[in-house]
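Data block below; observations after.
Here, each number is a calculation from the coordinates, and none is a lab measurement. None of these values were measured; they are calculated from a predicted model. Every residue, glycine among them, receives a Cβ derived from its backbone with ideal geometry; neighbour counts consider all protein chains shown.
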Amino acid sequence: MSPILFVLAVALVVGLIAGGSVRPFEHLEIHWWGLALAGVALQLLPVPTVRWLSAEIVGSAMLVGSYVLLLAFLTVNRWVPAAGVMAVGLLLNLVVVGANGGMPVSAAAVERAGGSPTALAEGEAAKHHVADGDDLFAPLGDVIPIPQPIGVVLSVGDLLLYLGMAWCVIQVMRGRSRENPRPLAMWFPSYRGKHAPVHWRMPARYRARDRAEGAQSGTEP
């Protein structure tokens, strides 16, 4: 079972028990959500074959790119509950992956989670490698086993990320999220246009002119 799905399911249940509702999500304004989609995609996509580059280098670059995109997404949406906690978790993962050319994974933790470190060592996952004595910041790697039915090994950064995600969902359900102070960007307008004021839904080059004409005619409040 995916740990993200498990965390979100638990958060939804807790939010409902705490008297929350899913309706506040209808009014949640998220900027640049394409960054989050791209970041998650880099985590999930298989490592492609690139001439002159090893799978480990490509996999490491994909992980680093994923964390950078997700950090940028959280920076833009830093008003979201627990955004700082999630950002710290991503930053810790970025540090250990960048320092070691991939995420080091504890062989003992893999076994306790019901997996096989041998398969990992044979290159089944080019974005990760079995931890050894040469790895930097090894305690920040994947060292925390989660047994079946989830059956994964997490890092300290992962735990902070998932904790932040759960807290964000609960707080939004309880109506505790702050209003986004940023004007909505024009990227991905199929989602954002629903919440944006009329003058934000048009191309940027027309906004100033439209507002100026409205002020001159006395039609704009």
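In nm, to one decimal, how far is the residue 57 label point from the residue 17 one, both placed 7 Å along Cα→Cβ?
Simple spin-label model gives 5.0 nm for this pair.
From the Cα trace of the stretch 74-158, what convex hull volume per residue do you get, rounded to a whole Å³?
On the way: hull volume 8.7 nm³, N = 85.
In the stretch 74-158, the Cα convex hull volume per residue is 103 Å³.
Could you work out the mean projected area of the convex hull around the alpha carbons of the stretch 24-177, in square nanometres to one decimal? Present the calculation step by step, with values, prior to reporting the outcome.
Working: hull surface 39.2 nm².
About 9.8 nm², averaged over all directions.
Taking 0.36 nm per residue of sequence separation and subtracting the Cα-Cα distance, how much length would be gained by fully extending the chain between residue 132 and residue 45, in nm to one decimal? Working shown, then result.
Numbers: separation 87, 0.36 × 87 = 31.32 nm, distance 2.58 nm.
Gain in length upon complete extension: 28.7 nm.
What does the extension gain come out to for residue 111 and residue 37, with contour length at 0.36 nm per residue minus their alpha carbon separation?
Numbers: separation 74, 0.36 × 74 = 26.64 nm, distance 3.12 nm.
Roughly 23.5 nm would be gained on extension.
How big is the charge dipole of the stretch 1-124 about its Cα centre, in debye rounded to the nearest 20, if each Lys and Arg gets +1 on its Cβ and each Asp and Glu gets -1 on its Cβ? List each step's numbers first, then the result.
Values: 4 positive and 6 negative charges, 43 e Å.
Dipole magnitude for the stretch 1-124 comes out near 200 debye.
Please find the FRET efficiency linking residue 75 to residue 118, where r is the Cβ-Cβ separation and R0 is fixed at 30 Å, and quote it to the nearest 0.05. Intermediate results must be reported in sequence, preceding the final value.
Numbers: r = 39 Å, r/R0 = 1.31.
The computed FRET efficiency comes out at 0.15.
With unit charges on the beta carbons (Lys and Arg positive, Asp and Glu negative) and the dipole taken about the Cα centre of the stretch 64-136, which residue among 87, 67, 136 sits farthest to the positive side?
My answer, from the dipole projection, is 87.
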